[in-house]
Amino acid sequence: MRNSLPKPAVPSRYFTEEELSTFERDGVVCARGLLDQETIHHLREALEDAIEKLSILGKSALNRESKGFHGDIFVWKLHDAFRDLALFSVLPALSHQVLGTATINFFYEQFFVKRAGSPVDTPWHQDIPFWPVSGTQIVSFWIPLDPVTRESSGLEFVLGSQNWNERFKAVTPGHDAYLMDTDLPTAPNYAEQRSDYDVVGWDMDPGDVILFGPVVCHGSAGNASNTIDRRALAFRYCGEDVRFAPRHATMPLLWDHGLEPGDRLGGSLFPQVWPEVIEDEIARRMAGPEPPSQAQIGAFMKHLEETGFGPTGEKRTILVNEDD
Ligand SMILES: O=C(O)CCC(=O)C(=O)O
């Protein structure tokens, strides 16, 4: 039977040769005008709606409401505008252009909203230690929905750090204790070491996008602007060398996925998006929002209990937001 779902959109602009070689050299590139203003406008509305209706993980662990920070992950499972951007926008074709593998899967997305004046920083980190996967073929698109400068929490990078062998603790805005529970060292604050490292950020307008890989070190300060919110999304895609590799203190997966360690990402949680979606993988999601699985929530809570991070454990739980 023919797949009746939309094909990935054809970008009005692909990455240029120069942008691709900058990405190769630096581990990151800022591409101007990659997304159109209609998409940005639509995403702003969808994001405000998603902030109103956070997932259990957003509500209980990622949000810092009282400090003007909102965060959530796997928003596409609940909100259609995020689903459509993930599966049917220009991002799959652009990911294919960069990664070059025959198939591309959607990994997940995340939002980072720092309201005007929010003091919440994003500590310097690499992404790969945060993820329950192995492999190298992962790209993230960082998509600001407001104009950003360094003052209003523009994301900054250490150029070339994608080639470092050292790995640092996974740290998210709010310094999550569970995710930091590894033997890895904490990354230095590279913003304070500008004379020793190539620390670079960009003033960006909505429509500009930063493309970066899974190892390059990055972070951002709080939003020191009194007037401008800093709303940003990160959409992540992977190629064929990425495997499921669950470990303690990595991002919890609260949806059933049926993957065993070593499996290539795929199925309903990490659907194929290039050369096209597979109807079976996303049929349930196309029929309506998919809340997380109670069984997965239960398993994660049990893991938190066993490792001392649960509600009665001696270590601070990630499921209790101290600020609220
Ligand atoms: O927006 C931010 O401050 C953090 C973004 C980030 O760390 C990421 O997308 O990996």
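Brief remarks on what is shown
- Annotation: of all residues in segment 1-56 being aliphatic (A, V, I, L, M) and part of a helix (DSSP H, G or I), the one that is nearest to PHE69 (Cα to Cα) is ILE51.
- Exactly one residue out of ALA61, ALA31 is modelled with pLDDT of 95 or more and open to solvent by less than 70 Å² (accessible area, probe 1.4 Å): that is ALA31.
- Matching residues in segment 124-145 - criterion: being under 26 Å from ASN226 (Cβ atoms), more than 9 Å from the ligand (Cβ to nearest atom) and assigned to a strand (DSSP E or B): TRP124, ILE143
- Options LEU91, LEU78, LEU87: the member that is crowded, with 21+ Cβ neighbours inside 10 Å and within 15 Å of the ligand (Cβ to nearest atom): LEU91
- Filter result (touching a Lys or Arg at 6+ places or on another chain (Cβ under 9 Å) and either within 16 Å of the ligand (Cβ to nearest atom) or part of a loop (DSSP other than H, G, I, E, B) (or both)) within segment 260-269: PRO261, GLY262, ASP263, LEU265, SER268, LEU269
- Verdict on GLU290 being modelled with pLDDT of 95 or more and in contact with a helix residue (DSSP H, G or I) (Cβ under 9 Å, 6 or more places away or on another chain): yes
- Flag if ALA187 is open to solvent by less than 20 Å² (accessible area, probe 1.4 Å), within 16 Å of the ligand (Cβ to nearest atom), part of a loop (DSSP other than H, G, I, E, B) and more than 24 Å from ILE297 (Cβ to Cβ): yes
- Residues in segment 45-91 that are in contact with a strand residue (DSSP E or B) (Cβ under 7 Å, 6 or more places away or on another chain) and within 23 Å of LEU5 (Cβ to Cβ): ALA50, PHE74, VAL75, TRP76, PHE82, LEU85, ALA86, LEU87, LEU91.
- Cβ-Cβ distances below 7 Å connect the following pairs, each with a first residue in segment 58-84 that is over 21 Å from PHE130 (Cβ atoms), a second residue that is part of a strand (DSSP E or B) and open to solvent by less than 30 Å² (accessible area, probe 1.4 Å), and a separation of six or more residues or different chains: GLY68/LYS114.
- Residues of segment 99-121 that turn out to be of a type in the set (Val, Ile, Thr) and surrounded by fewer than 23 Cβ atoms within 10 Å (Cβ to Cβ), as a count: 2
- Contact map, segment 254-275: first residue farther than 20 Å from SER134 by Cβ, second residue open to solvent by 40 Å² or more (accessible area, probe 1.4 Å) and polar (S, T, N, Q), Cβ cut-off under 6 Å, separation 6 or more or different chains; pairs are LEU254/GLN296.
- Members of segment 163-180 that are touching a strand residue (DSSP E or B) at 6+ places or on another chain (Cβ under 9 Å) and either without any contact (Cβ under 8 Å) to a residue 24 or more places away in the chain or away from the ligand (no atom under 12 Å from the Cβ) (or both): TRP164, PHE168, LYS169, HIS175
- When residues in segment 190-207 are screened for being within 15 Å of the ligand (Cβ to nearest atom) and open to solvent by less than 10 Å² (accessible area, probe 1.4 Å), 2 of them pass.
- Scanning segment 217-258 for residues that are polar (S, T, N, Q), part of a strand (DSSP E or B) and more than 16 Å from the ligand (Cβ to nearest atom) yields nothing.
- Each residue in segment 124-140 was checked for being farther than 14 Å from GLY213 by Cβ and buried (at least 22 other Cβ atoms within 10 Å of the Cβ), and 1 of them qualify.
- Residue list for segment 141-150, restricted to those being modelled with pLDDT of 95 or more and either surrounded by fewer than 22 Cβ atoms within 10 Å (Cβ to Cβ) or β-branched (Val, Ile, Thr) (or both): ILE143, ASP146, PRO147, VAL148, THR149
The values are calculated or read from the model by the stated rules, or taken from the named source; none is laboratory data. On a predicted model such as this, the values are computed, not experimentally measured, just so you know. Note: ideal-geometry Cβ built from the backbone for every residue, glycine included; neighbour counts use all protein chains shown. To get the accessible areas, we keep the full protein, side chains included, count just its heavy atoms, and leave off ligands, DNA and RNA. Shrake-Rupley method; radii C 1.70, N 1.55, O 1.52, S 1.80 Å.
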